[in-house]
Amino acid sequence: MSWLQALVLGLVQGLTEFLPISSSAHLRITSTLFFGNDAGASFTAVIQLGTEVAVLIYFAKDIGRFISAWFRGLFSAEARKEKDYRLAWYVIIGSVPISVLGYLFKDEIRTSARNLWITATMLVVFGLLLGLADHLAKQQRDELRLKDAVGMGLAQALALIPGVSRSGGTLTAGLFLGLTREAAARYSFLLAIPAVFGAGLFSIPDVLERSGGGEQASIPQMIVATLISFVVGYATIAWLLKYVSKHSYSAFVWYRLMLGLVLMGLLSMGLLQPI
């Protein structure tokens, strides 16, 4: 992998991880279209650690409260009535589907699921679903319930397929379940932490041992790309939370549709190879 490719992909990861447009799809498309190769699922998983560190820092106070409440609740019946205690459990419960499916289908995720035809189709299909949810959603609730954790956790698991979008899937599910845009976005950020950290740490040995698929990055390139994704990702979190409090997701829906259709056109003309 060239240094230019590592720098560009770090930037792309930071810009797209928290937007409902699929960071994995953008990394796959950018790497193939501009550099002639697939950076690979292992590289993608590792540089996502940078964006998740951004979440940890941005929501540090909230996360500290949740962890404290969770430990208190293990020993105190009174503490188990706290909202923070329940939310901590909701993050744990919501993380189970992607953890189990990610482990069971790890080989397919690194190979057949990275077909660009699948990516293009998922961009369009889940773009339409996001638009439908955004249009029909009642947005009545700010407080999460167990059904929200389960539904958004299952939606997050679909993001194992490039093009679905982890944030896009969870936001879509949250809107259909009746959450406000901002409440769904905040839970989406928190829900990503266990899953993305787990995938990133699990993929580090593949990168170090050069056993993962895709173009091989050096350790310095991996570190720099991860740092870039952290800095850009932190800024993106702040921007998105402010944006969704005042705007719909329609801009992201149209972007997904156009990107998916353009990608289908490039594949149909043979200008891009699906694998």
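The values are calculated or read from the model by the stated rules, or taken from the named source; none is laboratory data. Since the model is a prediction, treat every value here as computed from it, not as a measurement. In this analysis, Cβ positions are derived from the backbone assuming ideal geometry, glycine residues included, and neighbour counts consider all displayed protein chains. Just so you know, the surface numbers come from the protein's heavy atoms only, side chains and all, with ligands and any DNA or RNA stripped out. Shrake-Rupley method; radii C 1.70, N 1.55, O 1.52, S 1.80 Å.
Can you give the angle from 0 to 90° between the axis of helix 41-58 and the longest principal axis of the chain, with both taken from C-alpha atoms, to the nearest 10? The helix 41-58 is inclined about 40 degrees to the chain. Within segment 135-275, the percentage of alpha carbon pairs spaced more than 24 angstrom apart rounds to 45%. Over the chain, Cα pairs under 8 Å with separation of 6+ residues give a relative contact order of 36 percent.
Residues considered: 254, 239, 70. Largest GNM mean-square fluctuation over the chain, using C-alpha springs under 10 Å, is found at 239. In terms of packing, defined here as the mean over residues of other Cβ atoms within 10 angstrom, the peptides 75-84, 168-177 line up highest first as 168-177, 75-84.
For the chain, dividing the convex hull volume of the Cα atoms by the residue count gives 115 Å³ per residue.
When only alpha carbons are used to place a centre, segment 75-125 and segment 227-271 end up 21 Å from one another. Here's how it looks for residue 40: its modeled amide H is under 5 Å from those of 215, which are all 5 or more places away or on a different chain. Sorting the segments 242-249, 25-32 by their residues' average number of neighbouring beta-carbon atoms within 10 angstrom, most packed first, yields 25-32, 242-249.
How tilted is helix 23-35 with respect to the longest principal axis of the chain? Cα atoms for both, answer in degrees (0 to 90, nearest 10). Between the helix axis and the principal axis of the chain, the angle is about 20 degrees. Most fluctuating residue of 51, 111, 236 in a GNM of the chain with Cα springs under 10 Å: which is it? Sorting by GNM fluctuation, first place goes to 111. Averaged per residue, the chain has 45 square angstrom of accessible surface, using a 1.4 angstrom probe with ligands and nucleic acids left out.
Between 13, 140, 216, the residue with the greatest mean-square fluctuation in the GNM of the chain (Cα pairs under 10 Å linked by springs) is 140.
Among the protein heavy atoms of the chain, carbon and sulfur supply 69% of the accessible surface, probe 1.4 Å, non-protein parts ignored.
Note on the chain: helix-only mean residue ellipticity at 222 nm, from DSSP H runs of 4+ residues weighted -39500 (n - 2.57) and normalised by residue number, equals -25000 deg cm²/dmol.
For the chain, the longest principal axis of the Cα atoms and the long axis of helix 60-75 meet at an angle of about 50 degrees. Computed packing ranks the peptides 59-65, 257-263, 16-22, 122-128 as 16-22, 122-128, 257-263, 59-65, most packed first, by mean other Cβ atoms within 10 Å. Here are some pairs, 83/246; 81/147; 81/246; 81/242; 61/106; which of them have Cα atoms lying more than 22 Å apart in this structure? In this structure, 83/246; 81/246; 81/242; 61/106 exceed 22 Å between Cα atoms.
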